[in-house]
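Trainee: To start, I am sharing the structure in question, which I have written as structure tokens.
Bear in mind these aren't lab numbers, they're just calculated from the coordinates by the rules spelled out. Predicted model only: the values in this text are computed from it and were never measured. A quick note on method: Cβ atoms are made from the backbone with ideal geometry, for glycine too, and the neighbour counts reach across all protein chains shown.
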């Protein structure tokens, strides 16, 4: 996307452009992943092209499903060495189900070890498994190097650029992505796919106009779904209409079918609602996303160290923040438990809930959380649990240990491939509860060289008990501060969570024991000093 923005003339010649310009969230920059769907637009040969950058991870499926509702085609980016990953499978499945025809871009073809032919065949097999039509299987292929800023329709000489710029990708988009067909004279139909907020104008709705024409100061009807869904309807007035030009938001006097617009002036607008004509309302069905598979309890921090690290510590403040999150995070579910000050928060996976917790921590919220639990279902009187498809890319020498660990967590081997260069790819189907806390164990087993990713693969009958943690914990026996001297004495006891000068209290877990039992330790002990020794 960076190169498309540069080469379409979006930025001035003197303007300094940072890498991954669309990933402007602090956590996105740190983790190197896309979490929130973003919008921008470019001009190419007189055509206005809207670009929606979506996350690839299944944990952010709510963002993916909303973004796909705004587009007429998809550009599927696949690494020329790794091939399709589980994240690729998730986004592709959603796009194919909506009838979108993909353009496959094989990226990093100039990297040593790239294998574009293998990647194209793997993409074809993936599309076929996901039920693609004949038209979708006849997809165009573009070879590209995003880092060096070129794209080509044909393979070139190894070690040399295959093209001079990104024209091939732009032209492929113009050729294969159909222009949106909508009647500007028909009743207005605009579904809100995401929300933004401004301190000046309040809540901002973002969506694509399906039909009709939208103008500033226009009276509209906001419908929460179709009449069959029984949603509420209320009137409002569009204060301002903006469209995307590059990364900028530009006021517009009117916008027609196919345009992605931002509107403000309606305080109660929400995700999935349809903004339509007052005289002849034609609402669209509400957006539906997959149900959560993992839940955690968020509650007030009632430990002896409460109130030291955050500004917002009460149950009311935590509840209000979670309600605010629900306005834009459609894949999240929040409900009050039977106990005072404890809220059940359900999401699409560990990463989904981890990002929410990290955002709250950075905003100054202090809270306690429970261990994650999977969401079970009752099907025909039997208990069913979520199953994940796991892909592990590891070195040959670590294969035995990883397979043993996944087998102990009720994993079933589905496929195994070697690349002939000392690495092997394992595909497993495993209960979601078997993956909780597995990432650290996986990194230890592969000495940090392994890659693992997973995607939700449906519900199946309960697989039976999975053995819990093998290690006990280290528990502080006293209140006080941690001293380096005490930690030195505990090095051989296990892995510590705390560092020197950290406050601890009696009963606090300070580390993982190297054995299977719990151990009470003195982490606040100091070295005894006399006038004879120091």
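Trainee: For the chain, what is the convex hull (Cα atoms) projected area averaged across all directions, in square nanometres?
Mentor: Working: hull surface 128.4 nm².
About 32.1 nm², averaged over all directions.
Trainee: Right, here's the next one. What value, in deg cm²/dmol to 500, does the helix sum -39500 (n - 2.57) over DSSP H runs of n ≥ 4 give at 222 nm once divided by the residues of the chain?
Mentor: Working: 12 runs with 110 residues, N = 534.
Mean residue ellipticity at 222 nm (helix-derived): -6000 deg cm²/dmol.
Trainee: If you fit an axis through the alpha-carbon atoms of helix 399-408 and take the longest principal axis of the Cα set of the chain, what angle between them do you get, 0 to 90°, nearest 10?
Mentor: Its long axis makes an angle of about 90 degrees.
Trainee: While we're on this one: For the residue pair residue 373 and residue 302, what label-to-label distance in nm results when each label sits 7 Å from Cα along the Cα-to-beta-carbon direction?
Mentor: The modelled label-to-label distance comes out at 1.7 nm.
Trainee: Among 119-125, 196-202, 349-355, how do they line up from the highest to the lowest mean number of other beta-carbon atoms within 10 Å? Write out the running numbers ahead of the final one.
Mentor: Working: 119-125: 17.1, 196-202: 10.6, 349-355: 21.3.
Ranked by mean Cβ neighbours within 10 Å, highest first: 349-355, 119-125, 196-202.
Trainee: Just need log10 I(q)/I(0) for the range 377-461 at q = 0.12, 0.13, 0.20, 0.22 Å⁻¹, Debye formula, equal scatterers on the alpha-carbon atoms, no solvent, rounded to two decimals.
Mentor: -0.36, -0.41, -0.86, -1.00
Trainee: Okay, next question. Contact order normalised by length for the range 189-276, with contacts defined as Cα pairs under 8 Å and 6 or more residues apart; what percent is it?
Mentor: On the way: 219 pairs, mean separation 35.1, N = 88.
It rounds to 40 percent for the range 189-276.
Trainee: Can you pull the semi-axes for the range 69-226, root of five times each eigenvalue of the Cα gyration tensor, sorted largest first, whole Å?
Mentor: On the way: eigenvalues 264, 69, 48 Å².
Its equivalent ellipsoid spans semi-axes of 36, 19, 16 Å.
Trainee: Sort the following peptides by mean Cβ neighbour count (other Cβ atoms within 10 Å, averaged over residues), highest first: 478-490, 213-225. List each step's numbers first, then the result.
Mentor: Working: 478-490: 15.8, 213-225: 18.0.
Packing order, densest peptide first, comes out as 213-225, 478-490.
Trainee: Can you tell me the order of 383-389, 272-278, 231-237 when each peptide is scored by its average per-residue count of other Cβ atoms within 10 angstrom, highest first?
Mentor: So the peptides 383-389, 272-278, 231-237, ranked by packing, come out 272-278, 383-389, 231-237.
Trainee: Right, something else. What is the helix-to-structure angle for 315-326, meaning the angle in degrees between its Cα long axis and the longest Cα principal axis of the chain, kept from 0 to 90 and rounded to the nearest 10?
Mentor: Roughly 40 degrees between the two axes.
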